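S.K.: Have a look at this one before I ask anything.
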Amino acid sequence: MAHYDLIIIGTGAGGSTLAYKLAPTGKKILVLERGNYIPREKDNWSTQAVFLDAKYKAKENWLDKNGQSFHPGIHYCVGGNTKVYGAALLRMRAEDFGEVEHYGGTSPAWPISYEDLEPYYAEAEKLYYVHGERGIDPTEPPASTPYFYPPLKHEARIKELFDDIEQLGLKPFPLPIGAKLGEDEVGTAPPVLDRFDGFPDPSETKADAHVAALRPALHHENLTLMTDSYVERLITEASGKAISEVVVNRSGNIEHYSADLVVVACGAINSAALLLRSQSEMHPNGLANSSGVVGRHYMAHNNSAMVAISRKPNHTLFGKTLGLNDFYFGSDDFEYPMGHIQMLGKSDPLMFREDAPKLAPGLALDYIAEHALDFWMTSEDLPDPNNRVTLTEDGGIQLHYTENNLEGHKRLQKKLRWILEHVGCEKHWLPNNLYLGKKIPIAGTAHQCGTIRFGKDPANSALNEYCGAHEVSNLYVVDGSFFPSSSAVNPALTIMAQALRVGDYLIREVL
Ligand SMILES: Cc1cc2nc3c(=O)[nH]c(=O)nc-3n(C[C@H](O)[C@H](O)[C@H](O)COP(=O)(O)OP(=O)(O)OC[C@H]3O[C@@H](n4cnc5c(N)ncnc54)[C@H](O)[C@@H]3O)c2cc1C
């Protein structure tokens with residue numbers, strides 16, 4: 001059985017970032033990824049291929065809490081879900097690390113503070129080429145450095161919208177976006193940004209985990225990537241206290257590897273599933289799960305996408321440059337958090353072919369597309385132990401999820417409507433269900449987190465503050481699983497920052 005110093009399972013935001021951090025140590029590292037590279041091809045930017053044919057989505061179905069099958073919005077490939085993410089890379093607010101009272105209940109505190117993560121947020125922003133500007137977003141947490149890259153320029157219609165929103169007394173801000181524009185390389189032609197949200201980027205301008213972190217890590221000869229390598233289970237030595245074997249289905253063949261350290265970074269749902277599958281005599285509830293929390297407290301945000309039809313045409317190519325946090329913590333008429341608003345990439349007629357005729361009767365699809373302004377709203381969902389990942393009898397995934405804390409989200413929708421009615425939009429609103437694929441809300445697993453929470457007390461958490469398992473000495477989980485609460489900003493930058501923090505700890509104390 002081949003032995004490594006470290007095995008990392010999964011190449012998404014968590015796994016690739018950790019690989020980047022640890023590759024220069026010279027340690028022998030094996031990275032296992034169940035998927036393959038997404039080819040760079042025309043279809044990457046095709047609405048038909050990406051949204052309607054779901055070409056790059058995982059070809060598997062899961063069950064919901066009622067046993068109904070659905071096709072999840074999940075991607076198994078080098079770079080994981082970051083291959084199709086929008087690259088909106090925001091820090092959590094400092095307050096999100098403490099207890100926060102919501103209309104629907106209490107969001108629990110994290111075992112670390114914002115200050116603990118701050119240096120790693122800065123490191124992650126640099127690594128992922130985040131373009132932004134501090135001092136404008138009224139809720140932004142304190143930062144030790146300015147952004148390393150200037151904010152992306154708004155296209156004309158978005159700049160106009162930005163100014164109009166400011167005229168209402170609000171504080172829109174340049175949305176921090178991870179984009180590798182080549183400013184620091186001589187002789188690079190200027191890229192034209194297009195279609196980040198939901199699409200892979202064949203120009204590789206989008207700073208996803210593959211492009212920004214894993215590829216540079218692969219320049220180190222001590223790091224090996226194996227694709228098409230699905231980790232079936234983790235086996236412990238007889239005491240149950242350390243992993244002794246990683247069982248891999250590699251292109252149909254079963255192979256076994258061992259390592260001093262094993263890092264699970266399969267994404268919140270698949271990491272929980274892997275630990276549950278690795279149940280044994282010493283770990284009857286699943287690996288590292290005496291607390292019973294593994295798989296529980298699944299969160300994915302209360303998200304909605306909305307298309308407003310503006311009276312003026314919107315010929316924007318890349319609209320994802322505007323964010324709004326004025327209602328993040330509440331407003332004069334609602335004392336609880338509502339959440340965050342950002343723009344999406346520009347929609348096209350195919351994206352709302354089905355919804356538009358019902359919701360905006362009389363308006364032609366082409367007119368709607370030409371005048372559409374696309375928004376994404378995120379509000380916090382609360383960790384409920386009954387919202388959980390379990391395994392079906394045949395080893396498949398069942399995702400039990402009941403929405404909660406919806407009042408703040410509804411209020412946020414109303415606020416956005418009010419704003420847009422005052423900046424020259426028609427009173428037509430299309431909930432854009434095609435974002436993330438099918439019209440089944442639970443399929444929107446983009447912001448999945450929380451299923452293997454970290455904490456100080458092993459009785460109600462599975463991981464310690466460095467994401468090491470309380471019960472298994474050589475097991476770490478470095479992906480969205482560790483979140484005890486979901487905040488209301490996109491999760492990837494926090495996953496990346498914590499991966500860098502864990503990497504630092506491993507270099508300092510363990511490797
Ligand atoms: C359409 C879309 C848009 C998004 N936009 C944004 C955004 O703008 N900003 C933001 O912050 N976030 C965004 N997100 C969310 C972001 O992509 C995720 O938060 C992030 O990728 C999660 O990182 P992760 O490491 O937890 O898991 P993932 O990125 O999901 O990576 C997990 C990896 O593990 C692999 N894997 C799974 N199981 C196994 C196994 N058993 N064996 C081997 N390998 C395995 C998977 O193939 C995958 O490569 C978006 C997501 C989607 C889908």
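S.K.: Order by neighbour count: Lys42, Lys55, fewest other Cβ atoms within 10 Å first, most last.
M.R.: Ordered from fewest to most neighbouring Cβ atoms within 10 Å, Lys42, Lys55 come out as Lys42, Lys55.
S.K.: A follow-up question, please. Write down, largest first, the equivalent ellipsoid semi-axes of the chain in whole Å, where each equals the square root of 5 times an eigenvalue of the alpha-carbon gyration tensor.
M.R.: Ellipsoid semi-axes (Å, largest first): 36, 24, 23.
S.K.: Can you sort His283, His210, His256 from fewest to most other Cβ atoms within 10 Å of each residue's own Cβ?
M.R.: His256, His283, His210
S.K.: Starting from the range 30-93, pick out the GluC sites (Glu not before Pro) whose DSSP state is loop and whose Cβ has at most 14 other Cβ atoms within 10 Å.
M.R.: Glu41, Glu60
S.K.: On to the next question. Once each part is reduced to its C-alpha centroid, what is the distance from the range 77-116 to the range 198-246 in angstrom?
M.R.: 23
S.K.: Students often forget the sequence filter, so: which aspartates and glutamates lie under 13 Å Cα-Cα from Lys27 once same-chain residues fewer than 8 apart are removed?
M.R.: Output for Lys27: Asp5, Glu221, Asp260.
S.K.: Looking at this model, which pairs from Lys83/Lys346; Lys83/Lys410; Lys126/Lys320; Lys83/Lys126 are more than 27 angstrom apart at the alpha-carbon?
M.R.: Over 27 Å apart, Cα to Cα: Lys83/Lys410.
S.K.: Something else: Give the aspartates and glutamates whose C-alpha is closer than 18 Å to that of Lys415, dropping any in the same chain fewer than 8 places away, or say none.
M.R.: Lys415 reaches Asp137, Asp163, Asp164, Glu166, Asp326, Asp332, Asp333, Glu335, Asp374, Glu380, Glu407, Glu426.
S.K.: Give the distance, in whole Å, between the Cα centre of the range 455-480 and the Cα centre of the range 376-430.
M.R.: Result: 28 Å between the Cα centres.
S.K.: Rounded to the nearest 500 deg cm²/dmol, what is the calculated helix-only ellipticity per residue at 222 nm for the chain, with -39500 (n - 2.57) per DSSP H run of length n ≥ 4?
M.R.: -5000 deg cm²/dmol
S.K.: Okay, moving on. Select from the range 238-316 those GluC sites (Glu not before Pro) which occupy a DSSP coil region and have at most 11 other Cβ atoms within 10 Å, ordered by residue number.
M.R.: Loop-located and lightly packed - Glu281.
S.K.: Moving on. Would you mind checking which residues have amide H under 5 Å from Gly98's amide H? H placed 1.01 Å from N; only 5 or more apart, or other chain.
M.R.: Those qualifying (amide H under 5 Å, at least 5 residues apart or on another chain) are Trp110.
S.K.: Please go through the range 282-336 and write out the trypsin sites (Lys or Arg not before Pro) that DSSP classes as loop and that have at most 10 other C-beta atoms within 10 Å.
M.R.: Those satisfying the criteria are Arg311.
Here, each number is a calculation from the coordinates, and none is a lab measurement. Since we're looking at a predicted model, the values are computed, not measured. Virtual Cβ from ideal backbone geometry, glycine too; neighbours counted across all protein chains shown.
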